Amino acid sequence: MISAASVQQQLKKLKFKHNGWGRGEVNELEHILVADEEIYECVNGVYEGGFALLVATDVRVLLIDKKPLNYLTVEDLRFDMINEIDYSHRLIGARINIATGSKTLRFFSYNQRRLRQLITHVQQCMAEAKQQQSSHQEDQNQHLEQINKQLQTYLMAQYQ
């Protein structure tokens with residue numbers, strides 16, 4: 001968890017105003033974010049469950065929906081879980097679909113600029129995660145080849 005002051009400072013840096021709609025969702029951020037997690041962009045909008053706040057951090061994408069009577073919905077999408085992102089905007093508003101293996105998050109916002117910035121950040125982080133994953137696989141393959149060579153050398157020595 002991080003402090004409420006830290007959340008407010010990060011939102012102020014983003015010039016995100018949350019005095020009206022989204023105040024309950026913003027108040028939940030201090031309970032949801034982990035230590036040293038940084039908010040890159042956030043935008044208010046609507047998803048299939050109603051009004052929500054979509055937040056992109058350096059680690060994940062969060063959808064936060066805080067309803068009256070302490071009902072709370074939080075969807076946590078790690079960058080390596082995301083398979084596909086679709087973005088479209090019209091004269092008024094923009095829509096995104098974020099697909100993971102088993103579900104698709106559909107989100108609409110009137111703030112096209114913020115939603116576009118959020119998606120751009122998510123796409124960049126997805127590319128970095130995929131690149132790290134492929135680099136890690138290459139390292140594993142090299143390590144397995146090295147072990148295989150050592151094993152072959154050992155077996156040849158045992159055979160002789």
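The values are calculated or read from the model by the stated rules, or taken from the named source; none is laboratory data. Just so it is clear, the structure is predicted and the values come from calculations on it, not from any experiment. Glycine also receives a Cβ, built like all others from the backbone with ideal geometry; neighbour counts cover every protein chain displayed. Quick note on the areas: whole protein, heavy atoms, side chains included, nothing else; ligands and nucleic acids left out. Shrake-Rupley method; radii C 1.70, N 1.55, O 1.52, S 1.80 Å.
Here are some residues: ASP58, ASP65. Which one is within 21 Å of PHE107 (Cα to Cα), free of Cβ contacts under 8 Å to residues at least 60 places away in the same chain and of a type in the set (Asp, Glu)?
When all the criteria are applied, what remains is ASP65.
Of the residues VAL46, VAL59, VAL74, which is over 29 Å from GLN132 (Cβ atoms), within 19 Å of the chain's Cα centre (by Cα) and of a type outside the set (S, T, N, Q)?
Being over 29 Å from GLN132 (Cβ atoms), within 19 Å of the chain's Cα centre (by Cα) and of a type outside the set (S, T, N, Q) holds for just one of VAL46, VAL59, VAL74, which is VAL46.
For the range 80-101, what are the residues that are open to solvent by 20 Å² or more (accessible area, probe 1.4 Å), within 19 Å of LYS130 (Cα to Cα) and assigned to a loop (DSSP other than H, G, I, E, B)?
Scanning the range 80-101 gives ASN83, GLY101.
Please give the number of the condition TYR71 fails out of (1) touching a residue at least 24 places away in the same chain (Cβ under 8 Å); (2) more than 16 Å from HIS121 (Cα to Cα).
Condition (1) is where TYR71 drops out.
I'd like to check something: does the range 29-39 contain any residue that is surrounded by 14 or more Cβ atoms within 10 Å (Cβ to Cβ), in a strand (DSSP E or B) and modelled with pLDDT of 90 or more?
Scanning the range 29-39 turns up at least one residue that is surrounded by 14 or more Cβ atoms within 10 Å (Cβ to Cβ), in a strand (DSSP E or B) and modelled with pLDDT of 90 or more.
Would you pick out the residues in the range 11-27 that are buried (at least 19 other Cβ atoms within 10 Å of the Cβ) and farther than 15 Å from ARG114 by Cα?
Across the range 11-27, the qualifying residues are GLU25, VAL26.
Within the range 145-156, identify whether any single residue is under 30 Å from THR57 (Cα atoms), within 36 Å of the chain's Cα centre (by Cα) and open to solvent by 90 Å² or more (accessible area, probe 1.4 Å), and answer yes or no.
No, the conditions are met nowhere in the range 145-156.
Evaluate the following for ALA4: is it in contact with a helix residue (DSSP H, G or I) (Cβ under 6 Å, 6 or more places away or on another chain), loosely packed, with under 15 Cβ neighbours inside 10 Å, at pLDDT below 90 and not charged (D, E, K, R)?
Considered against the rule, which asks whether it is in contact with a helix residue (DSSP H, G or I) (Cβ under 6 Å, 6 or more places away or on another chain), loosely packed, with under 15 Cβ neighbours inside 10 Å, at pLDDT below 90 and not charged (D, E, K, R), ALA4 comes out as yes.
Do you know which residues across the range 64-76 are touching a helix residue (DSSP H, G or I) at 6+ places or on another chain (Cβ under 9 Å) and either closer than 23 Å to ARG116 by Cβ or of a type in the set (Asp, Glu) (or both)?
Of everything in the range 64-76, those that are touching a helix residue (DSSP H, G or I) at 6+ places or on another chain (Cβ under 9 Å) and either closer than 23 Å to ARG116 by Cβ or of a type in the set (Asp, Glu) (or both) turn out to be ILE64, ASP65, ASP76.
Taking the options GLN117, GLN112, name whichever one is of a type outside the set (A, V, I, L, M, F, W, C), in contact with a strand residue (DSSP E or B) (Cβ under 6 Å, 6 or more places away or on another chain), buried (at least 16 other Cβ atoms within 10 Å of the Cβ) and farther than 17 Å from GLU84 by Cα.
GLN112
Inspect all residues belonging to the range 110-133 and state whether any of them is within 28 Å of LEU33 (Cβ to Cβ) and outside any helix (DSSP H, G or I).
Checking the range 110-133: at least one residue is within 28 Å of LEU33 (Cβ to Cβ) and outside any helix (DSSP H, G or I).
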